[in-house]
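Working notes, structure below.
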Amino acid sequence: MSKDQTQNLNNSEPVTLESLAAQMAQLMIEFREFRAFAEPKLYDTKPIREQALKEIMEVRQELKDVRAELRRLNSHHEQMMIDPTGARSDIRDLNRRVDDLESPRQ
């Protein structure tokens, strides 16, 4: 609104229907200009959408990584279940090697 419309209230001129209609027309023009400026900004969700898509892609990648790790662990678990004696033997060998490394050298 370019000028203060209340200044016209102190005038000695009587308010006519035509002057009210002109003021209303001017207000409608200003409202349409404002709406034309503001409405596109109201619906501009591209930055929000791009950030959401980026986060979704990151979560998907993390989920893929978790699934791959679960498959790897499941494979190891299956191998241990198939040959538990071999796993026990491997553990004994590892314990023996650790003991050898930790024992004082003579």
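The values are calculated or read from the model by the stated rules, or taken from the named source; none is laboratory data. Keep in mind it's a predicted model, so treat the numbers as computed, not measured. Because the Cβ atoms are built from the backbone with ideal geometry, glycine has one as well, and the counts that use them run over all protein chains shown.
Listed here are the residues, each with its yes/no results for (1) in a helix (DSSP H, G or I); (2) surrounded by 10 or more Cβ atoms within 10 Å (Cβ to Cβ); (3) modelled with pLDDT under 90.
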position	(1), (2), (3)
K3	no, no, yes
L9	yes, no, yes
S12	no, no, yes
V15	no, yes, yes
A21	yes, yes, no
E30	yes, yes, no
F34	yes, yes, no
E39	yes, yes, yes
P47	yes, no, yes
- Query: For region 74-88, does any single residue satisfy the condition of being modelled with pLDDT of 85 or more and either in contact with an Asp or Glu (Cβ under 8 Å, 6 or more places away or on another chain) or hydrophobic (A, V, I, L, M, F, W, C) (or both)?
  - Reply: no
- Message: List the residue pairs whose Cβ atoms are under 7 Å apart, where the first residue sits in region 81-103 and is surrounded by 10 or more Cβ atoms within 10 Å (Cβ to Cβ), the second is in a helix (DSSP H, G or I), and the two are 6 or more positions apart or on different chains.
- Response: A87/M80
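Within region 56-72, can one find any residue that is more than 28 Å from the chain's Cα centre (by Cα) and assigned to a helix (DSSP H, G or I)? Reasoning before the result, please.
From region 56-72, those more than 28 Å from the chain's Cα centre (by Cα) are 71-72; that's our starting set.
From what's left, assigned to a helix (DSSP H, G or I): 71-72.
Checked region 56-72: at least one residue is more than 28 Å from the chain's Cα centre (by Cα) and assigned to a helix (DSSP H, G or I).
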